[in-house]
1. Taking the stated definitions as given, is L79 touching a helix residue (DSSP H, G or I) at 6+ places or on another chain (Cβ under 6 Å) and either among the polar types (S, T, N, Q) or free of Cβ contacts under 8 Å to residues at least 60 places away in the same chain (or both)?
2. So in segment 95-127, with the set limited to residues that are open to solvent by less than 50 Å² (accessible area, probe 1.4 Å) and of a type in the set (G, A, S), which one is nearest to the chain's Cα centre (by Cα)?
3. Out of everything in segment 128-150 that is open to solvent by 60 Å² or more (accessible area, probe 1.4 Å) and assigned to a loop (DSSP other than H, G, I, E, B), what residue ends up being modelled with the highest pLDDT?
4. Select from segment 200-212 the residues that are in a strand (DSSP E or B) and closer than 20 Å to V187 by Cα and write down the one among them that is modelled with the lowest pLDDT.
5. Which ones in segment 4-27 are of a type in the set (S, T, Y) and open to solvent by less than 20 Å² (accessible area, probe 1.4 Å)?
6. Out of all the residues in segment 213-223, which are in contact with a Lys or Arg (Cβ under 8 Å, 6 or more places away or on another chain) and either part of a strand (DSSP E or B) or over 17 Å from E257 (Cα atoms) (or both)?
7. When the residues of segment 269-284 are narrowed to those that are farther than 20 Å from Y70 by Cα and open to solvent by 30 Å² or more (accessible area, probe 1.4 Å), which ends up farthest from the chain's Cα centre (by Cα)?
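The values are calculated or read from the model by the stated rules, or taken from the named source; none is laboratory data. In this text, all values refer to a predicted model and were calculated from it rather than measured experimentally. Don't worry about glycine lacking a Cβ; one is built from the backbone with ideal geometry, like all the others, and counts go over all protein chains shown. These accessible areas exclude ligands, DNA and RNA; they are computed on the full protein's heavy atoms, side chains included. Shrake-Rupley method; radii C 1.70, N 1.55, O 1.52, S 1.80 Å.
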Amino acid sequence: MVLLITNKQDITVDFIVRELKAQKCPYYRLNTEDIPTIVHVQFDVDNGNYILYDTIKQESLSLSDISSVYFRRPEIATLENIPKLDSYERNYLRLELATLLEGIYKSLRNVYWINDVYKIREAENKLYQLQIAQEIGFKIPRTVIANEHKLLKQTMEAFQGDCIIKPIRSGNMGYADGRKVIFTSMVDPENFTPERITAFPVYLQENIHKTCDIRCIVVGSRVFAASIDSQRSEDGKVDWRKAHEYLPHYKIDLPDEIQRKAIALTQRLELTYSAIDLVLSTNREYIFLECNPNGQWAWIENRLGYPISKRIVSLLREVSE
């Protein structure tokens with residue numbers, strides 16, 4: 001039995017579900033925001049019985065029957081079904097649900113995961129990623145993280161002002177009316193005042209002049225690489241995600257050395273899956289930017305026909321049979 005841990009809106013897991021069905025592999029998709037409304041918890045700790053009961057399907061799932069887990073994007077229920085909660089009570093109860101989910105993850109600690117949730121959290125640290133990538137032999141951009149104005153000013157002068165600023169962890173920001181994203185951007189010197197810089201650390205990198213961006217999907221020992229023609233769009237030259245037009249994607253074969261480094265990085269981070277962002281510079285060097293330990297891949301499969309979902313399901317099934 002394969003357990004898929006995600007949320008209702010996660011399209012990526014739809015690809016995995018389709019492949020699991022095609023391979024006639026039993027699975028259960030746990031949309032975690034369905035706890036406690038649709039999915040009821042029946043945990044008898046004394047007797048070691050840990051059951052999730054799906055009230056729609058009228059089916060019970062014992063955690064002891066799970067052989068592998070595909071971890072994606074869990075969400076916590078908003079608890080709008082419970083009337084007259086003030087914001088403090090709601091936050092408290094949602095934290096209780098988050099802790100319950102952590103208990104479920106721990107209960108499944110001895111089964112096979114893509115990827116282990118705690119390894120994902122550790123690997124998400126971009127400073128840590130850069131250190132490991134450099135140790136493995138990847139070329140990385142010159143990088144400074146600081147809230148010391150003099151150091152950052154010297155760094156900008158060394159880069160001749162040609163540098164970018166980016167989030168240290170993730171650019172996703174949650175608001176009451178939805179999510180917003182902070183993209184990688186060119187530095188605006190007018191914003192680099194001593195007062196603003198000393199208030200909070202800045203993640204500064206040299207701007208790599210590139211011919212294209214590369215999304216490198218690693219699944220076990222397989223590498224699926226896509227070239228993204230980011231330089232055709234003025235909006236997408238620095239961060240291709242900002243482009244307002246369609247950017248052509250191409251299948252590419254990375255050099256064996258780069259593939260080995262991508263696999264080695266994934267293994268050093270104790271991951272089975274990773275989405276690595278590289279760029280090919282104008283002087284034809286492959287430069288490591290960052291690793292997304294739980295990054296998106298479905299759009300790559302959809303556009304280029306790579307069998308990524310098949311490979312993921314094959315790994316999930318290996319421990320099930």
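1. Yes.
2. Among those that are open to solvent by less than 50 Å² (accessible area, probe 1.4 Å) and of a type in the set (G, A, S), it is A123.
3. Among those residues, the one meeting the criterion is R142.
4. The extreme case among them is V202.
5. Listed by number, the residues that qualify are T6, T12.
6. The answer is V219, R222.
7. Only one residue tops the list, namely N283.
Table: residues versus (1) within 12 Å of V202 (Cα to Cα); (2) among the β-branched types (V, I, T); (3) in contact (Cβ under 8 Å) with a residue 60 or more places away in the chain.
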residue	(1), (2), (3)
I114	no, yes, yes
I120	no, yes, yes
K126	no, no, yes
K139	no, no, yes
I145	yes, yes, no
T155	yes, yes, no
I165	yes, yes, no
